[in-house]
Amino acid sequence: NSSFLRQSISPDSDAAKLLASPGTLNQSAPPVLAIPGFRNVPDQDFTIPGEQEKLAQALKSVRSQFGKVFNPVIAGKAQTGLEQISVYNPADPNIYLGAWGKATIVQADLAVNAARNAWNTWRHTSSQERSQYLHKVADLLETQRATFTAWIIYEVGKPWRDADADVSEAIDFCRYYGEQMVKLETQGQNRDLPGETNHYRYRSRGVAVVIAPWNFPLAIMAGMTVAALAAGNTVVIKPAEQSSIVAAQFFALLEKVGLPAGVVNFLPGKGEEIGAHLVAHPQVNLIAFTGSLNVGSQILASASIVRPGQRHLKRVIAELGGKNGIVIDSDADLDQAVLGVVQSSFGYSGQKCSACSRVIVHESIYETFIERLVQATRSVQVGQPTDPGSFLGPVIDQEAFQRIRKTIHEAKQSARLVLETDVSHLGGGYFVGPTIFADVDPQSSLAQNEIFGPVLAVIKAKTFEQAIEIANSTPFALTGGLYSRSPKHIDFAEAHFECGNLYINRKITAALVDRQPFGGYRLSGVGSKAGGPDYLLQFLEPVTITENIQRQGFAPLPEELDD
Ligand code: NAD
């Protein structure tokens, strides 16, 4: 619609204006920067041979580091002598990457204690100082981004571009939350009257426990951690079992920038053991969790109990799963829609929380769309994530592999299988090829439950309104998409499509910090969007300070007089 061709048929079009160089026109105002000075860091461009070479080298050099053990670190001290959990490459489970030391309940208590002690000073450091630490972390991530990308590729099987984007997002979180906290602190609200001052200020909450998922092994874990730190809380990081090495690498950067001991502690371990213990701990003030609905609801229930010695109610931020749908309208541009659905459904093997797993298609274009979708998906390359050409790598582990295969097997009984990709040539890794089912019943398990794999359900709708109704028929509300050329339908979707992030005529994954704050509602979570203007507020306690300044005079303390 913004094309000069279209504008040229408008009655009030001006030829001189249409033909002028865009640079001289200044038609659109520059984007408003919510956070002064914040700009998203660009992803690497692997079409540039130098960038490609850099990552290829990093993959080699990280390979030579395999076999190390990553232990918990509490108040700056590495904990040794623990049971070791081995980590293997999901693309080839014969490749041993290293191990992590499994933290115990005693160590979980020690870590909370260390964080509580460190909070006494950290809470009083200025937001500027805290932000500087985070900028230094971002700088280190930028200089070591190829190494981080390589570790992500090996540990969780992300293909190049997805792994690289994970690093970009982590860098953005560090700078964004650091600067946002400075803005919050320096712009605090004042409502002063003659004789009375009223100040609205923020305080940190205390000890934050960060419980992270594996699917954005760097960005989500780092985002929750740096938000807590920027706000003046101290942190215990409990990374996901499947991605504890990437988390350990990030923790090493936090140590490197010189954060005082105990401000952040690293506690790899089993979720149901130390994760649950940390959630229940009376000295923990806040839990920042991203993961499944099942675990998230357990955390919400446990955190609501006030235990002996506890003098506060806990704040829980829980970002959970989704069953994201894209609606394809009768007038959709199918070139765009097919590409967007393929990217949204099969990028990182459907293991992004924002991934599309249902596509709801208007009946007038249903068969055409399916035919083109199947052909386009056939062209997608499944392969080793270390290979730059691979679009899909493996799924995360054996358990996910078996669960997804079972789901596919069962779905064959009720829906029409239109694509199943043979990936047997890829050897013993946990590869599942892109799989598409058509004529799926909107109420079936395939259309209602999160699968978290490369399995797509295609559903037919009689009308556009019915398509939106079907899209809204799951209890989740995370992401959603619409391909349509009808302004009326786009307006309707904006008003009625139940999802936290709605994308129109583009793919539904790859949200950027600040530009597309990310998160859902209903069963997709409780909390304000990550990378958005309200996120940090959850890590803070607002206080109002009112002072009567009439006729009080001053009564300085003797030591103040000496000064
Ligand atoms: P998960 O819920 O299995 O695990 C998440 C974390 O919780 C891990 O660190 C795990 O060790 C820990 N944990 C497990 N049991 C626990 C317990 N009883 N008490 C405390 N902690 C416990 O999730 P996952 O498999 O790592 O991640 C995939 C899920 O995360 C999907 O459902 C996906 O949609 C969701 N997700 C959501 C978002 C979002 O922003 N909404 C982002 C990423 C992932």
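The values are calculated or read from the model by the stated rules, or taken from the named source; none is laboratory data. This one's a predicted model, so the numbers in the text were calculated from it and none came from an experiment. So basically every Cβ, Gly included, is an ideal-geometry build from the backbone, and we count neighbours across all protein chains shown. What goes into the accessible areas is simple: the full protein's heavy atoms, side chains included, and nothing from ligands, DNA or RNA. Shrake-Rupley method; radii C 1.70, N 1.55, O 1.52, S 1.80 Å.
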What is the extension gain from Lys406 to Arg307, computed as 0.36 nm multiplied by their sequence separation minus the C-alpha to C-alpha distance, in nm to one decimal? 31.5 nm
Only Lys, Arg, Asp and Glu count, each charged at its Cβ (+1, +1, -1, -1), so figure out the dipole size of the stretch 439-563 about its Cα centre, rounded to 20 debye. 1060 debye
Heavy atoms of Glu547: accessible area, 1.4 Å probe, square angstrom to 10: 100 Å²
Residue farthest toward the positive end of the dipole of the stretch 195-321, with Cβ of Lys/Arg at +1 and Asp/Glu at -1: which of Val209, Ser244, Leu293? Val209
Trp214, Trp122, reordered so the largest accessible area comes first (probe 1.4 Å): Trp214, Trp122
Just how large is the dipole of the chain about the Cα centre, in debye to the nearest 20, putting +1 at every Lys and Arg Cβ and -1 at every Asp and Glu Cβ? 740 debye
Report the gain in length on full extension from Leu561 to Asp534: 0.36 nm times residue separation, minus Cα-Cα distance, nm rounded to one decimal. 5.4 nm
With the dipole of the stretch 386-512 defined by +1 on each Lys or Arg Cβ and -1 on each Asp or Glu Cβ, the option from Ile436, Ala477, Leu392 whose Cα lies farthest towards the positive pole is Ile436
Cβ-based charge dipole, the stretch 318-372, positive-most Cα from Thr368, Val327, Tyr348: Tyr348
Could you please put Ser302, Ser524, Ser330 in sequence from largest to smallest accessible area, using a 1.4 Å probe? Ser330, Ser302, Ser524
Cβ charges +1 (Lys, Arg) and -1 (Asp, Glu), total dipole of the stretch 353-482, debye: 80 debye
Starting from the 7 Å offset along Cα-to-Cβ, what nm value, one decimal, do you get for the label separation of Ala78 and Arg63? 2.5 nm
Return one number: the angle in degrees, 0 to 90 and rounded to the nearest 10, between the long axis of the Cα atoms of helix 366-378 and the longest principal axis of the Cα atoms of the chain. 70 degrees
Under 5 Å between amide H atoms, partner at least 5 residues away or on a different chain: which partners does Leu456 have, H built in plane at 1.01 Å? Thr435, Ile436, Phe437
For Ser10, what accessible area in Å² do you get when you roll a 1.4 Å probe over the heavy atoms of the protein chains, rounding to the nearest 10? 40 Å²
Probe of 1.4 angstrom, ligands and nucleic acids ignored: what's the accessible area per residue over the chain, in square angstrom? 45 Å²
Using a simple spin-label model with points 7 Å from Cα along the Cα→Cβ vector, what separation in nm is obtained for Gln336 and Ala376? 1.2 nm
Once a ≥ b ≥ c are taken as the square roots of the eigenvalues of the Cα gyration tensor of the stretch 49-173, is the result rounded (a/c under 1.5), prolate (a/b larger than b/c) or oblate (a/b not larger than b/c)? oblate
Could you calculate the contour length gain from Gln187 to Gln466, that is, 0.36 nm times the residue separation minus the distance between their Cα atoms, to one decimal place in nm? 95.8 nm
Run the paramagnetic zone check for Asn117: 7 angstrom along Cα to Cβ, then residues of the stretch 256-276 with backbone nitrogen under 18 Å. 259-267
Given that compact globular proteins tend to follow 2.2 N^0.38 Å, what is the ratio of the alpha-carbon Rg of the stretch 334-486 to that value? 1.00
For the chain, calculated [θ]222 nm from helices alone, where every DSSP H run of n ≥ 4 adds -39500 (n - 2.57): -11500 deg cm²/dmol
Shape of the stretch 359-427 from its Cα gyration tensor (a ≥ b ≥ c, root eigenvalues): rounded if a/c is under 1.5, otherwise prolate when a/b > b/c, or oblate? oblate
Just read off the accessible area of Lys412 with the full protein assembly in place, 1.4 Å probe, to the nearest 10 Å². 90 Å²
Rank these residues by their accessible area, most exposed first, probe 1.4 Å: Glu541, Glu53, Glu399. Glu399, Glu53, Glu541
Determine the shape class of the stretch 184-340: with a ≥ b ≥ c the square roots of the Cα gyration tensor eigenvalues, call it rounded for a/c under 1.5, and otherwise prolate if a/b is greater than b/c, oblate otherwise. oblate
